[in-house]
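Read through the structure below, which is laid out as structure tokens, and then see the notes.
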Amino acid sequence: MGQVAVIGSGSWGTTLSIIVAQAQGSCLLWMHNYDEARETAARRENVRFLPGVTLPATVQIEHELEVALAEAEVVIVAVPMRRLEENWREIAAGIDSTAIVVSGIKGLMPRSGERVSEVLTRISGPDVLNRFSVLSGPNLAREIVAGEPATSVVASTSSVLATQVQGRLRAPTFRTYVSGDVVGVELAGALKNVIAIGAGMADGLRFGDNAKAALMTRGLAEITRLGVAAGA
């Protein structure tokens with residue numbers, strides 16, 4: 001398999017680099033901060049975002065974005081949503097025109113409310129969707145790196161592309177499923193955070209399981225209606 005580059009070294013990006021390394025034997029992790037990149041490479045630990053977790057030797061740390069993208073057949077974008085536009089312009093300038101793009105971002109663009117695929121389309125044109133997929137699911141980084149079982153979904157307008165990405169993320173305790181609903185997966189990945197906050201508030205208010213179940217059920221119904229209205 002060709003090189004996979006994870007762009008973004010937060011807890012989720014770092015976790016994805018570990019998953020990819022387990023799945024295919026190697027991965028490249030790009031870190032924006034030079035000093036943090038050097039420290040992480042030397043210590044084999046992302047002290048800032050995943051302290052106490054040892055990175056396998058098969059995860060290569062890189063600070064130069066151009067180098068990280070040079071031979072990447074798959075580019076997983078895991079940067080903060082607020083930095084996506086800036087980062088994508090730099091990525092688009094250095095990425096191969098045939099490279100697969102995987103969004104590992106769960107969120108909407110501040111103010112505009114754009115989804116990741118809409119931001120990429122606005123900047124790079126509609127053809128970028130032919131090689132675009134989105135990864136999302138109920139995934140807590142700490143549980144995954146601890147080896148606890150987890151699942152996620154890869155969505156793309158191309159079932160062939162989604163299956164290719166699925167293969168790059170097939171780790172012993174991490175299973176991915178494929179979908180053709182890019183809009184639905186992008187929206188669900190962002191909006192479930194709102195419901196999660198509400199569930200936390202329910203706990204803080206000492207509501208019972210009935211109330212929390214009602215909140216989650218009606219929240220899912222609202223997400224579904226919004227998704228359908230948006231074209232999911």
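The values are calculated or read from the model by the stated rules, or taken from the named source; none is laboratory data. The structure displayed is predicted, hence computed values, not measured ones. Cβ: placed from backbone, ideal geometry, glycine included. Neighbour counts: every protein chain shown.
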Which is in the same structural domain as Val154 (by the TED database) and more than 25 Å from Gln3 (Cβ to Cβ), of Gly94, Gly107? Gly107
Is it true that some residue in region 125-138 is in a helix (DSSP H, G or I), crowded, with 22+ Cβ neighbours inside 10 Å and touching a helix residue (DSSP H, G or I) at 6+ places or on another chain (Cβ under 9 Å)? no
So Ile105 ticks every box in (1) over 30 Å from Pro51 (Cβ atoms); (2) among the β-branched types (Val, Ile, Thr); (3) surrounded by 17 or more Cβ atoms within 10 Å (Cβ to Cβ) but one. Which box is left unticked? (1)
Matching residues in region 9-42 - criterion: being of a type in the set (A, V, I, L, M, F, W, C) and more than 15 Å from Ala57 (Cβ to Cβ): Trp12, Leu16, Ile19, Ala23, Trp30, Met31, Ala37
Which residues, counting only those in region 108-120, are assigned to a loop (DSSP other than H, G, I, E, B) and crowded, with 23+ Cβ neighbours inside 10 Å? Arg115
Are there any pairs with C-beta distances below 8 angstrom linking a residue in region 79-107 that is part of a helix (DSSP H, G or I) to a residue that is of a type in the set (Ser, Thr, Tyr), with the two at least 6 apart or on different chains, and if so which? Trp88/Ser124; Ala92/Ser124
Can you find a residue that is assigned to a strand (DSSP E or B) and surrounded by fewer than 19 Cβ atoms within 10 Å (Cβ to Cβ) anywhere in region 37-51? yes
For residues in region 27-36 being in contact with a strand residue (DSSP E or B) (Cβ under 7 Å, 6 or more places away or on another chain) and either farther than 18 Å from Ile144 by Cα or among the polar types (S, T, N, Q) (or both), which is surrounded by the fewest Cβ atoms within 10 Å (Cβ to Cβ)? Leu28
Could you list, in sequence order, all residues of region 139-196 that are assigned to a strand (DSSP E or B) and under 30 Å from Leu215 (Cβ atoms)? Ala150, Thr151, Ser152, Val153, Val154, Ala155, Phe174, Arg175, Thr176, Tyr177, Val178, Ser179
